[in-house]
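Peer 1: Below: one structure in structure tokens.
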Amino acid sequence: QVQLVESGGGLVQAGGSLRLSCAASRSIFSINSMGWYRQAPGKLRESVAVITSDGSTNYADSVKGRFTISRDNTKNTVYLQMNSLEPEDTAVYYCTSVYRGVASWGQGTQVTVSS
């Protein structure tokens, strides 16, 4: 299993930016996929962005063109750059990984976007 620790959340005004970081407890070079999910109050957890070991990315329609996921294998870290934030982006953001068929989750980091 992989331990994941998120950071970078906070309070930002609409139109602002934040960068989330997810530090893994092991090398991410061979981790099949890593990604970010989010869960807003009263809503189901939803996928935001995913990046695979070969660098392929996939985004939710609601964040395309605003969010960018990236990975730094030398730092065992995955990032989520969030630009043009909207109040609807307010949620707890979770980092996740799938390694050898086992999914791991971080503890989450709160992102709040004020209007």
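Peer 1: Being open to solvent by 60 Å² or more (accessible area, probe 1.4 Å) and at pLDDT 95 or above: is that true of D89 here? Lay out the reasoning, then the answer.
Peer 2: On the way: open to solvent by 60 Å² or more (accessible area, probe 1.4 Å): no; at pLDDT 95 or above: yes.
When the stated conditions are applied, D89 does not pass them.
Peer 1: Still on this model: Out of all the residues in segment 59-76, which are free of Cβ contacts under 8 Å to residues at least 24 places away in the same chain, loosely packed, with under 14 Cβ neighbours inside 10 Å and polar (S, T, N, Q)?
Peer 2: Answer for segment 59-76, where residues must be free of Cβ contacts under 8 Å to residues at least 24 places away in the same chain, loosely packed, with under 14 Cβ neighbours inside 10 Å and polar (S, T, N, Q): just T74.
Peer 1: For segment 43-58, how many residues are over 13 Å from V78 (Cα atoms), at pLDDT below 95 and of a type in the set (S, T, N, Q)?
Peer 2: Residues that pass the stated criteria total 0.
Peer 1: Something else now. Inside segment 1-41, can you point out the residues that are touching a strand residue (DSSP E or B) at 6+ places or on another chain (Cβ under 8 Å), open to solvent by 50 Å² or more (accessible area, probe 1.4 Å) and at pLDDT 95 or above?
Peer 2: If the condition is that a residue be touching a strand residue (DSSP E or B) at 6+ places or on another chain (Cβ under 8 Å), open to solvent by 50 Å² or more (accessible area, probe 1.4 Å) and at pLDDT 95 or above, then Q3, V5, S7, L11, Q13, A14, S17, R19, Y37, Q39 are the ones that fit.
Peer 1: Just to be sure I understand, how many residues within segment 64-106 are out of contact with any strand residue (DSSP E or B) (no Cβ under 7 Å at 6 or more places or on another chain) and closer than 21 Å to S27 by Cβ?
Peer 2: 8
The values are calculated or read from the model by the stated rules, or taken from the named source; none is laboratory data. Because the structure is a prediction, the values reported are computed rather than measured. All Cβ positions, even for glycine, are placed from backbone atoms using ideal geometry, and neighbour counts span all protein chains on display. Only protein heavy atoms, including side chains, enter the accessible area calculation; ligands, DNA and RNA are left aside. Shrake-Rupley method; radii C 1.70, N 1.55, O 1.52, S 1.80 Å.
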